[in-house]
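No lab work stands behind these numbers, since they all come straight from the coordinates. As the structure is a prediction and not an experimental result, all values here were calculated from the model. Cβ atoms come from the backbone with ideal geometry, glycine included; neighbour counts cover every protein chain shown.
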Amino acid sequence: MTDHALPPRTPMAAFLHMMWSKEKVWLFSALLLAVLFVLVPAQGATSAAFAAQNLLNVAPFLILSIGIAAYAGATGADGLIARAFTGSPMVMILIAAAAGGLSPFCSCGVIPLIAALLAMGVPLSAVMAFWLASPVMDPSMFMLTTGVLGLEFAVAKTITAVALGVFGGITVHLIAKTGGLADPLREGVGNGGCGASKVRTVQPVVWRFWAETARVTKFWHEGIKTTLFLAKWLTLAFLLESLMLAWLPADLVASALGGTGLAPIGIATLVGVPAYLNGYAALPLVGGLMEQGMAPGAGLAFLVAGGVSSLPAAVAVWALVKRQVFVLYIALALVGSFASGLLFQLWTMV
């Protein structure tokens with residue numbers, strides 16, 4: 001205790017302090033929108049509509065994954081799901097990477113599913129394999145990529161998706177064997193690292209959980225808590241995305257990614273990570289750049305890096321996992337994107 005104690009907070013100041021400490025993400029999003037409406041009213045309206053529309057678009061994935069996670073937790077089935085991933089690590093990584101390459105999740109849409117899997121105690125190696133592969137390719141993306149960039153490019157992107165997942169999964173598995181990356185979720189997200197206990201301890205499963213008041217309470221508590229957590233971070237992510245789409249000139253991206261050699265592949269990788277471009281919207285841009293002489297490897301690196309770790313996705317991931325897992329996720333995205341672009345470039349030169 002100091003000699004000069006701070007003056008007591010007024011009730012309003014105390015309330016604002018409590019709101020900021022607990023709901024700073026919501027408040028920051030509201031403040032960002034307020035500033036936009038004051039300084040750039042048209043952009044404020046556009047950003048608000050963009051965030052609302054994208055939240056509606058991702059709502060089915062949110063509701064499904066959150067509902068499954070809450071149901072699994074209330075019934076005790078999460079232990080069964082977690083134990084399904086306790087077989088051979090290599091097999092689980094391969095299955096997860098292949099499933100990711102076929103799933104229709106974008107880099108933000110996959111976040112709620114990742115949160116549910118980690119909360120259930122599913123090993124981070126298998127989750128990371130799915131996490132990295134999922135946003136890169138899906139069946140509809142394959143068809144569109146074929147139409148815009150050709151079958152060879154679409155096949156290369158599909159192979160890259162699965163290979164990136166396997167690479168990331170194996171890397172995480174090797175690190176985990178040394179004792180690293182324990183309890184990947186941040187404190188207070190899902191069940192944290194405690195989900196691993198569901199794998200070791202067999203608990204009875206009560207499928208009709210609604211017959212027990214405690215289980216019903218747990219269902220609603222977990223569902224509401226997870227919904228609010230993901231909604232606030234995705235709202236901020238979509239607001240940031242709207243600003244990047246509005247204020248990042250497409251011709252600036254074009255000038256940075258033009259040319260041939262290793263440099264464009266490296267630049268494309270670095271630009272692709274923070275610069276969000278919807279995977280479908282990015283295809284015509286990359287197609288146009290390739291017609292102007294951009295190396296195919298740079299185009300692939302840009303699409304993969306942007307798909308896996310765009311700024312909105314990175315914001316959501318930062319809120320979900322601990323710092324070392326986040327850094328590893330970004331590193332895997334960078335290395336994998338650059339390597340895929342380099343290998344594809346060498347393939348096209350043969």
Interchain or sequence-distant (5+) residues whose placed amide H lies within less than 5 Å of the amide H of V321 are R186
Order of E222, E212, E187 from fewest to most other C-beta atoms within 10 Å?
E187, E212, E222
Cβ density ranking, 10 Å radius, fewest first, applied to T348, T158, T269 yields T348, T158, T269
Give me, ordered by chain and number, the residues 5 or more places off A295 or on other chains with an amide H under 5 Å from its own placed amide H.
G259
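Sorting Y329, Y71 on the 10 Å Cβ count, fewest up front, what's the list? Spell out each step's value before the answer.
Numbers: Y329 24, Y71 16.
So the ranking, lowest neighbour count to highest, is Y71, Y329.
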On a full-extension model of 0.36 nm per residue, what is the gain between S88 and L151, subtracting their alpha-carbon distance, rounded to one decimal in nm?
19.3 nm
If I model a spin label at K177 and M349 as a point 7 Å from the Cα along the Cα→Cβ vector, what separation in nanometres do I get?
3.4
Would you please give the residues with an amide H less than 5 Å from that of E212, counting only those at least 5 places away or on a separate chain, with H modeled from the backbone geometry?
none
Derived scalar couplings ³J(HN,Hα) [region 217-225; Karplus, 6.51 cos²θ - 1.76 cosθ + 1.60; whole Hz; x for Gly, Pro]
4, 5, 4, 5, 4, 5, x, 5, 4
